[in-house]
Amino acid sequence: MKQRTFTDISLKAWAVIVFGFLFAPILIIIIYSFNEGRLLVAWNEFGLGSFATIATKPAITDAVMVSIQTGFIAALIATALGTMAGVALARRAGKWAPWFLILLVLVTVTPEIVDAVSLLPWMVFLGQDAGLSIFDNGIVRLVVGHSLFSTAVVAYIVRSRLIGIDETLEEAAADLYAPPFKRFTQITLPLVMPAVLAGGLLAFTLSLDNTIVSAFVQVSGTTPWPVYVLSAVRSGLRPEIASVSTIMLLLTLAALGLVAYVLRRAGDSPTDIAKTVGGG
Amino acid sequence: MKLPGFALAIPAWAWLFAFFVAPVALVVWFSFGYKPGIFGTHANDVLSFDRYAEALSPTFFSTFQNTLWVGVVGTLICLAISIPFAYWLAFKAPVARRGILLAMVMIPFWTNFLVRTIGWQIILAPSGLLSTALQSIGVLDEPLEILFTRTAVLIGVVYNYLPLMILPMFVAFDRVSLPMREASKDLGAGRWSTFLNVTLPLAKPGIIVGILLVYIPLMGDYITATVLGGAKGNMAGQMVANQFQTAQNWALGSAMAVVLVLTILTTVLIAALVSWLATWPLRASQRLVLGDKS
């Protein structure tokens with residue numbers, strides 16, 4: 001019995017250490033967002049100056065707006081394409097399904113840098129050589145780049161959710177003469193809604209976070225937030241970067257809380273929510 | 001009218017084909033070309049494997065080696081941290097608080113990748129928190145010289161990808177039902193024996209997903225190396241980016257990108273083969289036990 005408690009205590013201690021590790025840099029960023037110094041990394045004194053500076057720098061607010069806009073559109077596209085693909089994989093899998101899954105796996109295992117260097121010449125080709133001027137638009141380029149990985153992820157999540165649910169409800173609807181489209185919107189879609197929401201949220205945050213692809217495909221004038229930060233890493237980091245991050249963290253937490261609330265009202269337990277988000 | 005089964009998958013397929021398959025194929029095509037003069041980025045009128053030879057020449061090969069080292073060691077550290085942590089979360093943590101604890105694991109994951117890496121830059125700086133703390137308790141006599149080394153890059157990548165290992169591993173442990181583990185204990189197995197022979201094998205799929213989710217992006221990462229590694233912590237991703245952005249040699253950059261993808265695929269296949277071979281005697285003996293009983 002004694003040995004048992006010892007193991008339990010060590011496991012708990014380990015968990016506390018891991019949480020400390022996970023939170024350390026985030027707490028640091030929050031603290032340093034109140035730094036009055038000129039440079040982010042050199043602590044000077046406490047103050048709210050950097051939060052006031054944000055408003056006077058249109059480059060920062062523009063970059064954040066570009067990121068939010070891109071995240072929204074990319075998440076919409078990835079969720080629409082991924083949900084349809086996930087439903088097809090779970091309910092209508094035929095000979096095509098393994099090949100399609102291979103494509104999805106390839107998309108997921110390709111490192112972002114490879115996507116980035118591939119998309120740059122491709123966008124230039126489409127925009128200039130093929131004359132499709134829409135691909136010279138910064139937002140379009142970012143949305144395309146951000147939607148690829150997310151589409152695959154949403155397809156996985158929706159597929160695994162639907163595979164776990166019996167098909168009887170849809171069959172019953174078909175027996176009652178519901179046309180295919182109505183069956184999809186009234187039965188299948190509500191069933192996969194938690195997965196769709198989780199996937200969409202994941203797609204949105206992945207887009208907000210995306211640095212590598214963005215740095216390559218971006219057009220000057222539509223610089224997303226992470227690329228702005230990356231250029232600041234090279235030219236000198238100022239405390240405003242931390243302040244913006246603190247605000248964005250609070251907004252993300254609020255959005256997460258909202259989604260968790262919606263999912264819980266839809267009847268999922270916290271563990272189920274995490275499972276859906278984790279792609280299990 | 002009945003639509004074929006794959007109709008719903010067509011939009012996603014078309015999208016991925018236009019913006020993934022086609023551009024990647026273009027890069028593979030570039031990798032067989034060369035850089036014509038100072039101002040050209042690529043040309044394909046003469047095809048050869050020369051860019052691959054160049055990408056694997058000693059200058060660049062050491063970077064691939066370094067990337068592989070960081071990738072493998074980083075993934076192993078993530079694994080070592082995650083197994084006890086995910087085990088605790090799935091079996092020991094209070095059930096009512098599990099949702100909040102999971103959300104807490106995800107918080108860093110939802111914070112900007114770059115910004116949290118910059119947080120580590122502040123912590124690891126010679127005049128930073130860790131250095132000051134270690135000096136004041138007397139562990140170190142002089143400032144900590146860890147920033148812009150390979151160790152700093154390792155800390156950064158472990159940190160950045162750890163939640164991706166913990167989540168699928170937790171899901172996998174959570175699926176191992178309590179009756180299964182209790183049955184093992186009732187049949188006389190100890191805690192370690194239950195863990196090694198029942199829990200771990202049943203959780204294997206989730207653990208594999210975790211390893212892949214960490215290893216693959218880690219191998220292609222160059223942001224962490226740029227922020228924490230300086231010049232010394234060179235990663236293959238940085239090298240590929242340099243060829244495209246600075247050197248303007250798309251042919252060589254493409255070859256490097258292809259080599260990077262092949263390195264990832266090969267190492268994953270080797271790891272799969274090794275683990276399959278290593279568990280061969282184990283599976284053979286288990287099959288024998290089952291055979292005796294029936």
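Scanning the range B:69-124 for residues that are touching a helix residue (DSSP H, G or I) at 6+ places or on another chain (Cβ under 8 Å), among the basic types (Lys, Arg) and closer than 20 Å to A:Ser10 by Cα yields a total of 2. The residues listed here are B:Leu101, B:Leu114; of these, the one that is crowded, with 20+ Cβ neighbours inside 10 Å and of a type in the set (A, V, I, L, M) is B:Leu114.
Among the criteria (1) part of a helix (DSSP H, G or I); (2) under 22 Å from B:Arg116 (Cβ atoms), the one A:Leu11 does not fulfil is (2).
A single entry from A:Leu48, A:Leu39 fulfils the requirement of being modelled with pLDDT under 90 and in contact with a Leu (Cβ under 9 Å, 6 or more places away or on another chain): A:Leu39. Among the residues of the range A:215-222, not a single one is of a type in the set (Phe, Trp, Tyr) and either away from every other protein chain (no Cβ under 11 Å) or within 16 Å of the chain's Cα centre (by Cα) (or both). Filtered by the rule that a residue be more than 10 Å from every other protein chain (Cβ to nearest Cβ) and assigned to a helix (DSSP H, G or I), the range B:211-250 gives B:Ile211, B:Val214, B:Thr224, B:Ala225, B:Leu228, B:Gly229, B:Asn242. Of all residues in the range B:1-51, those satisfying the criterion of being charged (D, E, K, R) and touching a Ser or Thr at 6+ places or on another chain (Cβ under 8 Å) are B:Lys35, B:Arg51. Within the range B:58-68, not a single residue is modelled with pLDDT of 90 or more, within 9 Å of chain A (Cβ to nearest Cβ) and either part of a helix (DSSP H, G or I) or surrounded by fewer than 19 Cβ atoms within 10 Å (Cβ to Cβ) (or both).
Taken over the range A:78-96, the residue count meeting the criterion of being free of Cβ contacts under 8 Å to residues at least 60 places away in the same chain and out of contact with any helix residue (DSSP H, G or I) (no Cβ under 6 Å at 6 or more places or on another chain) is 6. With respect to the stated conditions, B:Ala172 is more than 7 Å from chain A (Cβ to nearest Cβ) and surrounded by 15 or more Cβ atoms within 10 Å (Cβ to Cβ). Among the residues of the range A:25-36, those that are part of a loop (DSSP other than H, G, I, E, B) and of a type outside the set (Asp, Glu) comprise A:Ser33, A:Phe34. Consider A:Phe34 carefully, then state whether it is more than 8 Å from every other protein chain (Cβ to nearest Cβ) and surrounded by fewer than 20 Cβ atoms within 10 Å (Cβ to Cβ). Yes, satisfied. Within the range B:30-57, the set of residues being part of a helix (DSSP H, G or I) and touching a residue at least 24 places away in the same chain (Cβ under 8 Å) comprises B:Phe30, B:Arg51, B:Tyr52, B:Glu54, B:Ala55. How about the range B:87-135: which of its residues are closer than 19 Å to B:Arg150 by Cα, at the interface with chain A (Cβ under 7 Å from one of its Cβ atoms) and over 23 Å from the mean Cα position of the chain (by Cα)? If the condition is that a residue be closer than 19 Å to B:Arg150 by Cα, at the interface with chain A (Cβ under 7 Å from one of its Cβ atoms) and over 23 Å from the mean Cα position of the chain (by Cα), then B:Ile122, B:Ile123, B:Ala125 are the ones that fit. Each residue in the range A:37-57 was checked for being more than 10 Å from every other protein chain (Cβ to nearest Cβ) and either in a loop (DSSP other than H, G, I, E, B) or within 20 Å of B:Val105 (Cα to Cα) (or both), and 8 pass. Filtered by the rule that a residue be buried (at least 21 other Cβ atoms within 10 Å of the Cβ) and more than 8 Å from chain B (Cβ to nearest Cβ), the range A:64-103 gives A:Val66, A:Ser67, A:Thr70, A:Gly71, A:Ala74, A:Ala75, A:Ala78, A:Thr79, A:Thr83, A:Gly86, A:Ala90.
The values are calculated or read from the model by the stated rules, or taken from the named source; none is laboratory data. Just so it is clear, the model here is predicted, and its values are computed rather than measured. Please note: Cβ atoms are built from the backbone with ideal geometry, for glycine as well, and neighbour counts cover all protein chains shown.
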